[in-house]
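Worksheet: the structure to be examined is printed underneath.
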Amino acid sequence: MDNIIVSDLTKKFVKKGKRKLLRREKEDILAVDHISVKVKKGELFGLLGPNGAGKTTLVKCLATLLIPDEGTATIDGHDIITDPISVRKILGITTGGERTLYWKLSARDNLKYFASLYGLSSKDAEERIDYLLDIMDLKEKQHQRLEKYSTGMRQKVSIARAILHDPKILLLDEPTLGLDPSFSMFLRSFIKNDLNKKEGKTILLTTHYMDEADQLCDRIAFVDRGKLIVVDTSKNLKRNVSKNEALEIKCIGNIDKLENFNAHIKNKKNYTKIRILHENTEDIMDDVLKDVKERAKILSVNVTRPTLEDVFVHLTGSKLEDEHE
Amino acid sequence: MNSFYNLSIISAEIKKCLKILLCYPMELVFWCIFPIFWAVPFIFQGNALVGGMESEAFSDLTGTTQFMPYILIGAVLNTYVLSALYGMSNSLREESYWGTLELILGSPCSKIPILLGKALNEAVTSTLFAVMQIFICIIIFGLDVAVNQILPIMLIVILLMLGLYGLSIALAGITIQIKQSHSLIHTIEYLFYLFSPVRYPVNINPWIRMVSLVIPLTYALTVVRGIMLLDKSLINLWQNVVILLAIDIGLIVLGYYIFFYIEKRARKSGIISMY
C-alpha cells in the first residue's frame, strides 16, 4: 500500500528582477517540475539532490505549507489541497535550518507548547515528553534554555517535536545538516532503527549527503533542477553505471582536468580529489598516475566501487554539492 | 473536546509568550514607566503656557479645566494601542524570524486560538503595565481614581482592546506578507496620535475631529475621561459605547478576513518560508 502518492506536482516561484521605470521584471522559477512518485507504507524513502534541486519545496508542498500550482498529492489517502487538516494530523515534519524552535524556552517548554497545538492532553503530553527526552538523552538538561544547547542537541529536540504526536508519516528535511559526526550517527541510527524499523513509520527524508541516503534509505529518488531523474534502490542505481570500478586519487596541486580521461575532480580545502570510472582501472592506472604526478603531489590512490554520487553525476552531469540558481 | 482543545492552545500560547517576555526584564520596565514619562513634557508644557495646572480655554473644549489628568488618561489608554499594535504583528514577525511560524501554520489546529492567545497575552501584559502606570500617576501626580469607576472603565478598556485586536490581526497578516512591521506600525501609531484625543482635544480642528470619528480610541478616551473627570456614568455616554462596539465588530471581521486571505496567498507564493 502506498502512503504518499505524488501526482504531477508542480510548484513555481516568481523571482523579481530589475526594476524598469514603472514595472519590475518577473521571472518564473520552476522549483518542482511535474514530479510523480509513490512511497510505500513503512518505507524509508530518500530524496537526494544538490542544494536548490527542489527537495525542500516538494516536502513543504506535502506538509501543506505551500500550495502547488499544478498536480497534487495524497498522504495516507488525504489530499494535500482539499484536506490539509487531516494531512497535518498524521504528519510529523522537521524543516531544514537551525532556528525552528524557541531558543528562549527550555526543551520541555518547547515540546509542551507544540504538544498543545497537536491536541495532546496534558497527561499524555507529559508522558510522551518524558519518553522522548529520555531516548534523546536530554533529560538532564530538559529545563535549560535552548540557546545554551549545541546544534546537535537542538536537532534532537527538533526531531522529538516532529514525533511528539506519534505521526504515521514523517517528512525529515536534511535532518543531519551541519551536525558533528557523533550526533549524525545517533540521529541516523534513531531514524532507521527506532522510527522506521521498530515503529514502522513511513519516512520521506531529504538529504544531499549520499552516504546518508545510501545507508538509510530503502529507495532513493534523484532530484535535479526540480525534476525527478530516477527512483530505485541504492543497489540498482549503482548497477546503472556500466563502469564497475572507480579510481580515486587524492593529491595536492591545482588540477582542473585530465586531458585523456573523463575525470570528476573536486578541489577541496586541503587537497584535490580525482575520480575516474572505468571497467578495469588497472588498464588506465599507470597513465593517470603519470599525468597527475607531473602536476601534483599524490597523497593516496584507491580503487573503489562506484558510489551514489558517481551515479548522480553519471545521470545528471551535475555534482551533488552544486548550487543551482 | 474541540473547545477544550482550543482553550488549551490559548493557554499554551499565553504561557509561551509570557515566558519569552520574562526573558527580557528591561522590556517590562520600559513599558511600565515610559508612557508616563512620555506624558510629563506635555504636562509641563501646558503648565508653562497657561501659567498653572488649570485652563479655562481647555475647559471650553473638554469640559474640564485640568489638563494633567486628561493627558495622563490619554497616556495610559494609549499603552493598550501601542502594545496591541506592536505585540501581535511583532509576535508573528518574531515567529517568522525564529523559524517557528511554518511549524505553527503547519500544525492541525485552528489558527484562531493561537491569535487569541497572542491577543490575550497582550491584554494581560498591557493591563499589568496600565495598573503600574496608574499607580505611578496616583503616587506622583495625585490622580484621583474612585473605586466605583473601575468596573465601567474596565468594560471600556475591554471594548477598546477588541477593536484593536481586530486591527492588529490584520496587521499580523500584512506582516507575514511584507516581512517587516515597524514602519507600518509607526505610521498607524502616529495617525492615532494625530487623529484621536490622546494628547489634545480633537475638536480644536474640524478636520481632525472628523477623522477621529473612525478611530476606536477616540470613543474609549471620551468615555473614560467622562467617567473620571466629568462624573458621568456609562448610561450618559451610551452612544459612544455603541459606536465603539460597532467599530470593534467591523475591525474584528476585517482583521480575520485580511489575515486568512494573506495566509492563503503566502502559502501560494511561498513567502511564509522566507525570513
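A few notes on this one:
- Applying both filters, DSSP loop and at most 12 other Cβ atoms within 10 Å, to the trypsin sites (Lys or Arg not before Pro) of the range A:212-272 gives A:LYS257, A:LYS268, A:LYS269.
- If you plug the beta carbon distance of A:ASN280 and A:LYS197 into 1/(1 + (r/R0)^6) with R0 = 56 Å, you get a FRET efficiency near 0.90.
- Here the spin labels are modelled as points 7 Å beyond Cα on the Cα-Cβ line, and at A:ASN270 and A:ASN254 they lie 2.2 nm apart.
- Calculated FRET value between A:GLU70 and A:ASP2, using beta carbons and R₀ = 25 Å, to 0.05: 0.75
- Of the trypsin sites (Lys or Arg not before Pro) in the range B:165-222, those whose Cβ has at most 16 other Cβ within 10 Å and which sit in DSSP loop: B:LYS179
- Sites listed here are trypsin sites (Lys or Arg not before Pro) in the range A:1-64 whose DSSP assignment is loop and whose Cβ has at most 16 other Cβ atoms within 10 Å: A:LYS41.
- Each residue in B:PHE129, B:PHE58 was given a count of other beta-carbon atoms within 10 angstrom of its own, and listing them fewest first yields B:PHE58, B:PHE129.
- Rounded to whole Å, sorted largest first: equivalent-ellipsoid semi-axes of the range B:101-140, Cα gyration tensor: 35, 8, 4
- In plain terms, the residue of B:ILE20, A:ILE252 with the fewest other Cβ atoms within 10 Å comes first and the most crowded comes last, giving A:ILE252, B:ILE20.
- Projected label points at B:LYS264 and A:ASP134, each 7 Å from Cα along the beta carbon direction, are separated by 4.6 nanometres.
- Helix-only [θ]222 nm of the protein assembly as shown, DSSP H runs n ≥ 4, -39500 (n - 2.57) each, per residue, nearest 500: -17000 deg cm²/dmol
- FRET efficiency for A:PHE261 and A:THR304, using Cβ-Cβ distance with R0 set to 22 Å, rounded to 0.05: 0.85
- Where labels lie 7 Å past Cα in the beta-carbon direction, separation of B:MET26 and B:TYR97 in nm: 1.4
- Violating pairs (Cα-Cα greater than 32 angstrom) within the set A:LYS104/A:LYS197; A:LYS12/B:LYS19; A:LYS104/A:LYS168; A:LYS238/A:LYS273; A:LYS168/B:LYS16; A:LYS139/A:LYS168: A:LYS104/A:LYS197; A:LYS12/B:LYS19
Each reported figure results from applying straightforward, stated rules to the coordinates on display, with no laboratory input. Since we're looking at a predicted model, the values are computed, not measured. Neighbour counts run over all protein chains shown; Cβ positions are idealised from the backbone, glycine included.
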